[in-house]
Amino acid sequence: MKKILQSLSIIAAFGAAALAAHAQSAPKILFVDMQKLYDGHYRTVVEQAKLRADEQKAQAELDRMVKERDALVAQYKELEEQSGNPTATAEAKAKAQSDAQAMIPEINAKEGDLAKFQEAVGRELQSRGQQFHSQLIEEISKIAADIAKQQGATLLLDKSGPSLIGVPAVVYSDPSADITDAVAAEINKTRPAPAAPSASAPAVDAPAKN
């Protein structure tokens, strides 16, 4: 009987040790919503405003170039009509035809400038957006990883965006395992303070009492 009890004690001790070892080796998984952090980042808001402003400037320049091209095309069509006017003299028709032909290279050059401008602006804005996105995601990832390490995580997963089959990448996660708010709070520690009102702003007089 004593030997049996000793054997049971040894088995129990071994089982407890095994459970403790399993608990120590079990991974701690945390989750973060990278898309939410990127979209809500104060620098994202500023950069998007800059991109919209530059897009508007580019569009204004494009509109000006289109207007110039359209004016040349209108002149060309007018000359073409003059060259076919039955009431015009042969000399007037020939001159109109010659002037119209002389405008073709200029019109083609305007078309080329338009295409090059659109391509260059589109490429520049896209490159800026991609570079900003990559840099900011890298910064956010570092902050998220640091917080995850502080909380003892062995794995941090991004819960934003669908998987390859169109379902959420993370179907369910315990809210206590989500560190998105903690990362956002850390990010906002570097948010610049709002600009103080200008000292030159006129003072508002208090309403007179009756």
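The values are calculated or read from the model by the stated rules, or taken from the named source; none is laboratory data. This one's a predicted model, so the numbers in the text were calculated from it and none came from an experiment. Virtual Cβ from ideal backbone geometry, glycine too; neighbours counted across all protein chains shown.
Is region 127-144 home to any residue that is aromatic (Phe, Trp, Tyr) and modelled with pLDDT of 95 or more? Yes, because at least one residue in region 127-144 is aromatic (Phe, Trp, Tyr) and modelled with pLDDT of 95 or more.
Okay, residues lined up against (1) modelled with pLDDT of 95 or more; (2) exposed (fewer than 15 other Cβ atoms within 10 Å of the Cβ); (3) assigned to a helix (DSSP H, G or I):
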position	(1), (2), (3)
18	no, yes, yes
30	yes, no, no
67	yes, yes, yes
88	no, no, no
92	no, yes, yes
113	yes, yes, yes
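Yes/no per residue for (1) in contact with a Lys or Arg (Cβ under 7 Å, 6 or more places away or on another chain); (2) not aliphatic (A, V, I, L, M):
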{"site": "106", "(1), (2)": "no, yes"}
{"site": "110", "(1), (2)": "yes, yes"}
{"site": "121", "(1), (2)": "no, no"}
{"site": "144", "(1), (2)": "no, no"}
{"site": "152", "(1), (2)": "yes, yes"}
{"site": "155", "(1), (2)": "no, no"}
{"site": "162", "(1), (2)": "no, yes"}
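The residue pairs whose first member lies in region 140-158 and is touching a residue at least 12 places away in the same chain (Cβ under 8 Å) and on the phi > 0 side of the Ramachandran plot, whose second member is part of a loop (DSSP other than H, G, I, E, B) and surrounded by fewer than 16 Cβ atoms within 10 Å (Cβ to Cβ), and whose beta carbons are closer than 9 Å, counting only pairs six or more residues apart or on different chains, are 152/28.
Here is the figure for region 57-99: residues that are free of Cβ contacts under 8 Å to residues at least 12 places away in the same chain and closer than 30 Å to residue 125 by Cβ total 8. For region 150-167, the set of residues classified as closer than 22 Å to residue 41 by Cα and surrounded by 12 or more Cβ atoms within 10 Å (Cβ to Cβ) consists of 156, 157, 158, 159, 160, listed by residue number.
Could you check region 163-177 and list, in sequence order, the residues that are closer than 20 Å to residue 29 by Cα and not aliphatic (A, V, I, L, M)? Once the filter is applied, which keeps residues that are closer than 20 Å to residue 29 by Cα and not aliphatic (A, V, I, L, M), region 163-177 yields 163, 168, 172, 173, 174, 175, 176.
Output yes when any residue across region 101-111 is over 25 Å from residue 61 (Cα atoms) and either part of a helix (DSSP H, G or I) or more than 40 Å from the chain's Cα centre (by Cα) (or both), and no when none is. Yes: one or more hits.
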